[in-house]
1. Under a Cβ-Cβ cut-off of 12 Å, what is the net charge of the residues other than THR241 that fall near it, where Lys and Arg count +1 and Asp and Glu count -1?
2. Using the alpha-carbon centroid of each, what span in Å lies between the stretch 56-71 and the stretch 155-212?
3. What are the ³J(HN,Hα) values, in whole Hz, obtained from phi via the Karplus relation 6.51 cos²θ - 1.76 cosθ + 1.60 with θ = phi - 60°, for each residue of the stretch 32-46 in sequence order, with x given for Gly and Pro?
4. Using a 1.4 Å probe on the protein heavy atoms, what percent of the accessible area of the chain belongs to carbon and sulfur?
5. Could you name the aspartates and glutamates in cross-link range of LYS101, using Cα to Cα under 20 Å and dropping any fewer than eight places away on the same chain?
6. Which parts of the stretch 1-27 would a label at VAL240 reach, counting a residue when its backbone N lies under 20 Å from a point 7 Å out along Cα-to-Cβ?
7. Mind checking the full-extension length gain between LYS193 and ALA212? Use 0.36 nm per residue of separation minus the Cα-Cα distance, one decimal, nm.
8. For the chain, which semi-axes, largest first and in whole Å, follow from the square roots of 5 times the eigenvalues of its Cα gyration tensor?
Amino acid sequence: MAGVEGRVALVTGGGQGIGAAIAARLAAGGAKVGVLDLDEANTAAVVAGIVDTGGSAIGVRADVSKADQVQAAVDRVVSELGGLQILVNNAGVLRDNLLFKMSEEDWDLVMNVHLKGAFLCSKTAQKHMVDAKYGRIITMSSTSALGNRGQANYATAKAGLQGLTKTLAIELGPFGVTANAIAPGFIETAMTKATAERVGTTIEQMREAVAAAVPVRRGGLPDDVANTVAFLAGEESGYVTGQVIYVDGGRGLI
Ligand code: NAP
């Protein structure tokens, strides 16, 4: 068996944006996909799109920062889809502000969704992977992990996820489970639209600025990330672990 065919995947934050593209890409490769989001209604269009094109998917409601909800979501995926071999920790929120204006609530929310969410989902999912001696954990970091104005909370969480990824790689590697992170640059979604608005520009202007600054001369799209996930989620990537793959058009090279 190659790629992700016949595997079961859980994609957090799969109701829109990058997560929706990842869910569709994995389903197109033959995986059965649990599309997890805060509100199950948000996953309906993603699930319908997959099922309409002959794929297999279910929508799952959960807040990734709540242990009981994560456990229930994983249990449901395992019982309805028949196991769990691929976890994509993608759910995310922004609460940007300069440090002196950043509230404790906004710090805590970003830590809870990104860091605690990835911890809880990975901890709950790994049991099924270790039992099966096979698994793939892919976690969404960001170029912001290297530092970004107005994102003290988000940059810290995204850097923390790189540490989590490398530790999972060390602990789970002997059981056939790899763990890798993807660090996207600018990818056009609702999240980057909100960022554009915050800094007083538009998504179109932001896309043009990014295109001028990166070697590949265009902004990123959700499918750019989804294609990278498909590789890391597949059987053939088994000797790649503990890595952070920057999907950013070569940002910083020119
Ligand atoms: P998005 O469009 O805002 O999608 C994020 C999804 O996560 C939403 O569906 C959201 O649900 C869900 N979510 C938020 N909190 C959750 C929680 N507690 N439990 C479960 N689901 C939750 O963002 P995106 O641009 O696709 O980003 C996806 C991931 O890539 C994030 O981790 C982000 O940090 C990372 N990333 C994005 C970019 C970029 O340029 N877009 C760059 C680097 C990294 P609701 O809509 O209901 O809140």
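1. Summing Lys and Arg as +1 and Asp and Glu as -1 gives +1.
2. Here the answer is 21 Å between Cα centres.
3. 8, 10, x, 9, 9, 8, 4, 10, 4, 4, 5, 8, 4, 5, 5
4. Details: 6320 of 11460 Å².
Reported share for carbon and sulfur atoms: 55 percent.
5. Within the straight-line limit of under 20 Å, LYS101 reaches these aspartates and glutamates: GLU197.
6. 1-12, 18-27
7. Once the chain is fully extended between LYS193 and ALA212, it gains 5.0 nm.
8. Details: eigenvalues 152, 76, 69 Å².
They are 28, 19, 19 Å, listed from largest to smallest.
The values are calculated or read from the model by the stated rules, or taken from the named source; none is laboratory data. Owing to the predicted nature of the structure, the values given are computational and were not obtained by experimental measurement. Glycine gets a Cβ as well: all are built from the backbone with ideal geometry, and neighbour counts include every protein chain shown. Remember, those area values only see protein heavy atoms, side chains included, never the ligands or the DNA or RNA. Shrake-Rupley method; radii C 1.70, N 1.55, O 1.52, S 1.80 Å.
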